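J.: Dropping a structure here in structure tokens format, bear with me for questions.
The values are calculated or read from the model by the stated rules, or taken from the named source; none is laboratory data. Predicted, not measured: the structure shown is a model, and the values here were computed from it. Glycine also receives a Cβ, built like all others from the backbone with ideal geometry; neighbour counts cover every protein chain displayed.
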Amino acid sequence: MIPDGVVGLVKPPGCSSHDAVSLVRRRTGRPAGHLGTLDPLAAGVLLVAYGRATRLIRYAEGMDKEYAAEIWLGRTSPSDDFAQTLSRGEDASQLTAQDVEQAVRAQIGTHPQRPPAYSARQVDGQRAYRAARTGEALDLPSRPATLHAFRIEGFVPGEVAKVRLSLHVGAGYYVRSLARDLGAALGTGGVLAALVRTRAGGVRVEDCQALEEPWLPQPPDVLVRHLPKVQFTPEQARRLALGQRLSGAGALGAHRALIGDRLVAVVVGDQDGVWHPQTVLGLED
């Protein structure tokens, strides 16, 4: 049987995140799931866990990410990118790189962000993009989103001004929303023209493989290496695998439960000094 693992893929434009997960399922014959959707027009790092590694996805959902983005100012679209027909915005020829930098800088930190109308967000069980396609866009509530840092990599002035950015963002951040909001702040309209995810958590694009290449999967614990670790004996680990609790917890919160270097579970320590097995990978392959 193929060992459980995590594969870092370089998703090409035109391929959906679902398509990439389906490919992993077919190749491995195992259940699979991705960590952080990439829009079909976007490219770059897509982490896909398969086998028992899918049990650890929830611990990695809060990972930060980095992107290379190109935003056009002076154009708009219903999807805030090139997936839908572009419309003419306001003439952006008066904008300078300094104007754009100031507008992006105002977005630094954690602020409420409204998701794009064409997104996978749900309201009452209905996907936003499906509703938008029928002409009945959902009223999507804003959610806190974090822009940690940015750098302007290039600026081309004109009626449609084009700006290239490097972005460091938190989980759940929509770069399409940033393009839309920058366009609104500058009075021109804005759309996302291109997007490449260059890093997800500790995995960079140069460490990933193309879909058609042979894969070099990483072990499941790549998803939880940010958690503190605690060592157990084989007998203790066997009890954890059976769902039993253990006394002796020296800290609160989630920890990696290890036998040597091997991850066997994620455990949670409580205030009474008890380890609770939260997610068990098991002792045998």
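J.: Kindly establish whether Ala83 is modelled with pLDDT under 90 and either assigned to a loop (DSSP other than H, G, I, E, B) or surrounded by fewer than 22 Cβ atoms within 10 Å (Cβ to Cβ) (or both).
T.: Yes, satisfied.
J.: Just give me the residues in the stretch 227-246 being within 21 Å of Gly62 (Cα to Cα) and either without any contact (Cβ under 8 Å) to a residue 60 or more places away in the chain or basic (Lys, Arg) (or both), in sequence order.
T.: Once the filter is applied, which keeps residues that are within 21 Å of Gly62 (Cα to Cα) and either without any contact (Cβ under 8 Å) to a residue 60 or more places away in the chain or basic (Lys, Arg) (or both), the stretch 227-246 yields Pro228, Lys229.
J.: From the list Ala249, Ala265, Ala254, which one is touching a residue at least 60 places away in the same chain (Cβ under 8 Å) and either outside any strand (DSSP E or B) or of a type in the set (Gly, Ala, Ser) (or both)?
T.: Ala254
J.: I want to confirm something. Restricting to the stretch 1-38 and keeping residues that are in contact with a His (Cβ under 8 Å, 6 or more places away or on another chain) and among the aliphatic types (A, V, I, L, M), which single residue is surrounded by the fewest Cβ atoms within 10 Å (Cβ to Cβ)?
T.: Selected residue: Val21.
J.: Let me ask you something else. Given Leu38, Leu47, which one is within 23 Å of Gly202 (Cβ to Cβ) and in a strand (DSSP E or B)?
T.: Going through Leu38, Leu47 in turn, just one is within 23 Å of Gly202 (Cβ to Cβ) and in a strand (DSSP E or B): Leu47.
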